[in-house]
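Below: one structure, written as structure tokens.
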Amino acid sequence: MIAIEINTKQLKELREAAGKAKKSFTKELAAAINETAKNHRMRQGRNIRSVVNLKKKQIESSIKITKATSVTPQARVFLLETYREGLQHFGAKQNKRGVSYKIGKTKGRGMVIGAFMGPSPGQLAPKLYGGVFKRVGKERLPIIKLYGVSPYGAYEKNDFETIDVAFSADYLKGQIERRIKLNVLRANGLVSK
């Protein structure tokens, strides 16, 4: 687990500004933390999509957030160690030779000779749920499902964590500064919310 520390001077300024604006300091702090966690999640997804050919929805389903509250001013963003995604999620297309796919953003398409997604090219088999399969032996059965990479594996392999943590630490400072300024404006009657 990685922790991002908050400057005590900023916390003191936020407490004073929130007090003058008659707002809850803990709620203001939790809001800044939650906004940072949300941004961190978005950044993680973008980083994974920059190296892996997966859809946004597929990646974001494996990134979870626990939000900060006024009682516990702590949020967690964690990338689930999910199983590898089926090859059908990587732009798989069946042709006469097999199934082509594209996992990495920088690499070209790969090909699995003899793999199939349905009875013929362009036609998916409903019983296979869109998956990509290949026969193990010369017999008709058994067949095995083919997989690509997991979002977690892509994130860990490319070591995005150190960059993201540094960025989120700066982002949190900016969010607290923004809340300080907002509460000063509230206290002076320049903002009604």
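The values are calculated or read from the model by the stated rules, or taken from the named source; none is laboratory data. The structure presented is a predicted model; accordingly, all values stated were derived computationally and were not measured. Here the Cβ is made from the backbone with ideal geometry for all residues, glycine too, and neighbour counts use every protein chain on show. Please note that ligands, DNA and RNA were not included when accessible areas were found on the heavy atoms of the full protein model with its side chains. Shrake-Rupley method; radii C 1.70, N 1.55, O 1.52, S 1.80 Å.
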> Can you tell which of Leu182, Gly86, Gly118 lies farthest toward the positive end of the dipole of the chain, using +1 and -1 charges on the Cβ of basic and acidic side chains (Lys, Arg; Asp, Glu)?
Replying inline: Gly118
>> I'd like the orientation of helix 8-20 relative to the chain: the angle between its Cα long axis and the longest Cα principal axis, in ° from 0 to 90, rounded to 10.
In response: 60 degrees
>> With +1 assigned to the C-beta of every Lys and Arg and -1 to the C-beta of every Asp and Glu, and no other charges, what is the dipole magnitude of region 24-126 about the Cα centre in debye, to the nearest 20?
In response: 440 debye
> Taking a point 7 angstrom from the Cα of Ala169 along the C-beta vector, which residues in region 5-48 have backbone N less than 13 Å away?
Replying inline: 5-7
> What are the chymotrypsin sites (Phe, Trp or Tyr not before Pro) within region 1-100 that DSSP puts in a loop, where the Cβ has at most 15 other Cβ atoms within 10 Å?
Replying inline: Tyr83
>> So with the 1.4 Å probe, I'd like the accessible area per residue for region 1-133, rounded to whole Å².
In response: 63 Å²
>> From the P(r) of the chain, could you give the percentage of C-alpha pairs in the tail past 25 Å?
In response: 53 percent
> Which residue, Gly174, Gly137, Gly118, has the most motion in a Gaussian network model of the chain that connects Cα atoms within less than 10 Å?
Replying inline: Gly137
> Taking the chain as a Gaussian network, where each spring joins two C-alpha atoms under 10 Å apart, which residue of Ile33, Ile113, Ile65 fluctuates the most?
Replying inline: Ile113
> Among Tyr129, Tyr171, Tyr152, which one shows the biggest mean-square fluctuation in a GNM of the chain, springs joining Cα atoms closer than 10 Å?
Replying inline: Tyr129
> Out of residues 5 or more away from Gly98 or on other chains, whose amide H comes under 5 Å of its own, with H placed 1.01 Å from N in the peptide plane?
Replying inline: Gly114
> Tyr147 versus Arg97, label points 7 Å from Cα toward the beta carbon: distance in nm?
Replying inline: 2.7 nm
> Based on Cβ point charges of +1 for Lys and Arg and -1 for Asp and Glu, what charge dipole magnitude is obtained for region 1-74 about its Cα centre, in debye rounded to the nearest 20?
Replying inline: 320 debye
> Cα-Cα over 28 Å: which of Lys64/Lys105; Lys9/Lys157; Lys107/Lys138; Lys20/Lys67; Lys27/Lys173; Lys67/Lys102?
Replying inline: Lys9/Lys157; Lys107/Lys138; Lys67/Lys102
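Can you send over the carbon and sulfur percentage of the accessible area for the chain, probe radius 1.4 Å, protein chains only?
Carbon and sulfur atoms account for 53 percent of the accessible area of the chain.
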> If amide H atoms are built 1.01 Å from N in the plane of the peptide, which residues on other chains or at least 5 residues away come under 5 Å of the amide H of Val52?
Replying inline: Lys105
> By the scheme Lys and Arg +1, Asp and Glu -1, what is the net charge of all other residues having a beta-carbon under 15 Å from that of Thr66?
Replying inline: +4
>> For a quick check of your reading of the filter: which GluC sites (Glu not before Pro) in region 4-83 sit in a DSSP loop and have no more than 16 other Cβ atoms within 10 Å?
In response: Glu5, Glu81
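Using the crude model of +1 on Lys and Arg Cβ and -1 on Asp and Glu Cβ, and no other charge, please compute the dipole size for the chain relative to its Cα centre, in debye to 20.
That gives a dipole near 780 debye.
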>> Quick one: 3J(HN,Hα) in Hz for region 158-172, Karplus 6.51/-1.76/1.60 with θ = phi - 60°, rounded, Gly and Pro as x.
In response: 8, 6, 7, 4, 5, 5, 5, 5, 4, 5, 5, 5, 5, 5, 5
